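Enquirer: Here's a structure for you.
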Amino acid sequence: MKIALDAMGGDRAPAVIIEGALAARGELAGGASIVLVGKREGIEKELVRLRAGADAFELVEAREVVAMDEQPSATLRRKRESSIAVGLRLQSDGLAQGFISAGNTGAVAANALIILGRIKGVERPAIATFVPTRGGGSVLLDVGASIEPKPAHLVQYAIMGACYAECILGRPRPRVGLLNIGEEGSKGTEVIQQTHKLLKASDLNFIGNVEGRDIFAGEVDVTVCDGFVGNVVLKFTESVVDMVSVVMKESIQADLRTKLGALLLRPAFRRLRDTFDYAEYGGAPLLGVDGVCTICHGSSSPRAIKNAVLATQQYIAHDITAAIKKRLDTRDSCIPQGT
């Protein structure tokens, strides 16, 4: 198994990417390896700085780099030799089984759609992210691939999210919820109301509408929403966790008693921090493309990159793509298209 890693994607590439790759290398199982894709000179310079051997990784040259603020559609035409495009082509040519990038999210999604293609029955891919909950975690999708999906697309997200929950989270009959402003089927926009009807008529374990507070309460295994709302939920959650950490640290420093108490509670605080730290989960898979594509934060740390590599190995090993294909093949007659 080979995993292609975009060495040029991210706010602090290639340094952080290569540090993460080195950390992951020793934890990969079953002879899996990492292929670094990018400008060879820059990659080799970082390997020297990190005192890694020149043969630590297989390197594949990519002459161009996609900037974080570039328009995704423009990169398809103008940067066909970017590290994103080259890495994805390695997978489409069978030279790698997965691809990871912390680069421009829109460019990664657009290139993956063109180079890997869509799974039959999926009109729009979705970015799925793991959410820690009281029930052991759930999946939220979409968190940024499409901001204006149709009801049919949201149903497809639900199917793909259910496959993720089954394969990765080990939930045999995952509970699917539709994110809304109330539990009643009449709540929300017309798109959400139509989606509610379609999901209710499906054979998914649809538990109805869920509100924001239900996501972390462990009431649901799969939460479905459009990419605009999902991205806001994701970024808001991250900001709240950061804020709570700062407030707790300030409170602990208030007097001697709290400092002493904090020493005793340090292991619990560390577990709490790790539970909500996105770096623990690495990246988010782009579900619906015909392959394995993991998207990471642009500000990913080496630990986040390491965990993204390990997570991608799991996506490949559990063959989520095949699971989604199988599920959709058996549902051809009942999957709405373009509604």
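The values are calculated or read from the model by the stated rules, or taken from the named source; none is laboratory data. Everything numeric here is computed off the predicted structure, so don't read it as measured data. Note: ideal-geometry Cβ built from the backbone for every residue, glycine included; neighbour counts use all protein chains shown.
Enquirer: If we scan the stretch 293-300, do we find a residue that is β-branched (V, I, T), closer than 30 Å to V246 by Cβ and at pLDDT below 90? Before you say what the answer is, go through the steps one by one.
Expert: Initially, the stretch 293-300 is screened for residues β-branched (V, I, T), giving 294-295.
Checking which are closer than 30 Å to V246 by Cβ leaves us with 294-295.
Filter once more, keeping what is at pLDDT below 90: none.
The answer is no; no qualifying residue exists.
Enquirer: List pairs: first residue in the stretch 202-230 and hydroxyl-bearing (S, T, Y), second residue assigned to a helix (DSSP H, G or I) anywhere in the structure, Cβ distance under 7 angstrom, at least six positions apart or on different chains.
Expert: S202/V155; T223/I215
Enquirer: Answer yes or no as to whether A317 is small (G, A, S), over 13 Å from the mean Cα position of the chain (by Cα) and at pLDDT below 90.
Expert: Spelling it out, it is not the case that A317 is small (G, A, S), over 13 Å from the mean Cα position of the chain (by Cα) and at pLDDT below 90.
Enquirer: Here's a follow-up. So which pairs qualify, if the first residue must be in the stretch 49-63 and of a type outside the set (D, E), the second must be part of a strand (DSSP E or B) and surrounded by fewer than 13 Cβ atoms within 10 Å (Cβ to Cβ), the Cβ gap must be under 9 Å, and the two must be at least 6 apart or on different chains?
Expert: Sorted first by the residue in the stretch 49-63, then by its partner, the pairs are F57/S33.
Enquirer: Restricted to the stretch 154-199, and to residues that are of a type in the set (S, T, Y) and touching a Leu at 6+ places or on another chain (Cβ under 6 Å), which residue is nearest to G121 (Cα to Cα)?
Expert: We begin by selecting, within the stretch 154-199, every residue of a type in the set (S, T, Y); these are 157, 164, 186, 189, 195.
Keeping just the survivors that are touching a Leu at 6+ places or on another chain (Cβ under 6 Å) gives 157, 195.
Working: Y157: 11, T195: 17 Å.
Among those residues, the one meeting the criterion is Y157.
Enquirer: I want to confirm something. Restricting to the stretch 136-158 and keeping residues that are surrounded by fewer than 23 Cβ atoms within 10 Å (Cβ to Cβ) and on the phi < 0 side of the Ramachandran plot, which single residue is nearest to the chain's Cα centre (by Cα)?
Expert: Among those that are surrounded by fewer than 23 Cβ atoms within 10 Å (Cβ to Cβ) and on the phi < 0 side of the Ramachandran plot, it is S146.
Enquirer: If I filter the stretch 165-197 down to residues being under 18 Å from F228 (Cβ atoms) and among the charged types (D, E, K, R), which single residue comes out as modelled with the highest pLDDT?
Expert: Across the stretch 165-197, the extreme among qualifying residues is E190.
Enquirer: Every residue in the stretch 64-84 that is in contact (Cβ under 8 Å) with a residue 24 or more places away in the chain and among the small types (G, A, S), please.
Expert: If the condition is that a residue be in contact (Cβ under 8 Å) with a residue 24 or more places away in the chain and among the small types (G, A, S), then A67, S73, S82, S83 are the ones that fit.
Enquirer: For V232, indicate whether it is of a type in the set (A, V, I, L, M), closer than 16 Å to L141 by Cα and surrounded by fewer than 19 Cβ atoms within 10 Å (Cβ to Cβ).
Expert: yes
Enquirer: Quick one: which residue in V143, V108 is assigned by TED's automatic domain parsing to the domain that holds V66 and either of a type outside the set (S, T, Y) or under 19 Å from S73 (Cβ atoms) (or both)?
Expert: Only one candidate qualifies: V108.
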